[in-house]
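*Asks:* This structure is in structure tokens; I'll ask about it shortly.
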Amino acid sequence: MSDDPRLTGLDGFRVELAGPRADLVLHRPPLNVISMPQRDQLRRAFEALDEMEEMRVIVLRAEGEHFSSGGYIKGFLESSPEVVSKLAWNIAAPARCSKPVIAANRGFTFGVGFEISLACDFRICSETTQYALPEQKLGQIPGSGGSARLQKIVGITRTKDIVMRSRRIPAKQALDWGIATEVVPDDRLEATVEALVQELIGFAPLAQRTAKKLLNDTEDALLNTAIELEGHCYSRLRTSEDFAEGVRAFHEKRAPLFKGR
């Protein structure tokens, strides 16, 4: 375990480090309700892990049969407007992280649990997963970026159906709509996530970081702007040691040894 204070004394979750993989594990059974302090601590944990060069992939997962039923409801009334104004910024931490982030979802993945999963790069979910943004039932709307991110993925019609009706979306439908990256049997969730971790570790770190930032930065860009930015990124990677190694390895018919430079 790192001695970074951002990774210790955590509320409702823990950090596990194993080689190039880091896990943020929600553990407030039975529903892994996410408290207000926990949101800020999750942000700081992502920032700390992003700064650790040896960490290549981050997994966000939970103990038990449910990922998270959402946030601590009373916390919204107890928090100041200043705290509430930072909700979306904290929950966007996986998207800002330069490294690949995988959400491992099962069971209830509601409210902020769904929103932080939407901020991850990959959502691997078990067949038991149900996604929902139930805030309308409380007389509220999603406040941590959920409706905005969802609209980018599924469009306005489906987003209105999910948000305005507080609809639960089962795993298969989530896959069909492009919300889930992959759906697997419940007993295969951990193995599938680990296989994805190993796959991602095999790529060049610099190329992975560049691809993630480019895709995030050009999500709202015009096509010609996105193509131009892609060209600039390609040009920069052209001079990297990893690209030279990748080309050598291809011609020598061997696995490349990437170093992140």
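We did not get these values from a lab; they are worked out from the coordinates using the rules stated. Not measured: the values here are computed from a predicted model. Cβ placement follows ideal geometry from the backbone for every residue including glycine, while neighbour counts extend to all protein chains displayed.
*Asks:* Exposure proxy check: Leu17, Leu42, Leu31 ranked by fewest other beta carbons within 10 Å?
*Replies:* Fewest to most other Cβ atoms nearby, the residues stand as Leu17, Leu31, Leu42.
*Asks:* Please determine, in degrees from 0 to 90 and to the nearest 10, the orientation of helix 189-201 with respect to the longest principal axis defined by the Cα atoms of the chain, where the helix direction is its Cα long axis.
*Replies:* Between the helix axis and the principal axis of the chain, the angle is about 30 degrees.
*Asks:* Given a Förster distance of 35 angstrom, what is the FRET efficiency for Asp217 paired with Lys253, based on the Cβ-Cβ distance and rounded to 0.05?
*Replies:* Computed FRET efficiency for Asp217 and Lys253 comes out at 0.50.
*Asks:* By how many nm would the segment from Glu127 to Asp176 lengthen if fully extended, with 0.36 nm per residue of separation less the alpha-carbon distance?
*Replies:* On the way: separation 49, 0.36 × 49 = 17.64 nm, distance 1.30 nm.
Here the answer is 16.3 nm.
*Asks:* Specify whether the C-alpha gyration tensor of segment 4-97 places it in the rounded, prolate or oblate class, a ≥ b ≥ c being the square roots of the eigenvalues: rounded for a/c under 1.5, otherwise prolate if a/b is larger than b/c and oblate if not.
*Replies:* Note, shape of segment 4-97 comes out oblate.
*Asks:* Follow-up question, since we're still on this one. In segment 206-261, which GluC sites (Glu not before Pro) are in a loop and have at most 12 other Cβ atoms within 10 Å, using DSSP for the loop call? Numbers along the way, then the final one.
*Replies:* Working: sites: Glu219, Glu228, Glu230, Glu241, Glu245, Glu252; in loops: Glu219, Glu252.
Loop-located and lightly packed - Glu219, Glu252.
*Asks:* Moving to a separate point now. For Lys160, list the aspartates and glutamates whose Cα falls under 15 Å from its own Cα; do not include residues on the same chain fewer than 8 positions away.
*Replies:* Cross-link targets: Glu135.
*Asks:* Using DSSP to call loops (not H, G, I, E or B), can you name the chymotrypsin sites (Phe, Trp or Tyr not before Pro) in segment 76-173 whose Cβ has at most 11 other Cβ atoms within 10 angstrom?
*Replies:* Listed in order of number, the matching sites amount to none.
*Asks:* Next question, about the same structure. Percent antiparallel among DSSP beta bridges with both residues in the chain, to the nearest 5?
*Replies:* If we restrict to bridges inside the chain, about 30 percent are antiparallel.
*Asks:* If you take the square roots of the eigenvalues of the alpha-carbon gyration tensor of segment 5-201 and sort them as a ≥ b ≥ c, do you get rounded (a/c under 1.5), prolate (a/b over b/c) or oblate? Could you put the intermediate results ahead of the total?
*Replies:* On the way: a/c = 1.60, a/b = 1.12, b/c = 1.42.
Because a/c hits 1.5 or more and a/b fails to exceed b/c, segment 5-201 counts as oblate.
*Asks:* Among the trypsin sites (Lys or Arg not before Pro) within segment 206-257, which fall in a DSSP loop and have no more than 16 other Cβ atoms within 10 Å of their own Cβ?
*Replies:* Those that pass, being in a loop and sparsely packed, are Lys253, Arg254.
*Asks:* While we're on this one: Could you let me know the centre-to-centre spacing of segment 153-231 and segment 101-129, using Cα atoms, in angstrom?
*Replies:* Each part's Cα centre sits 11 Å from the other's.
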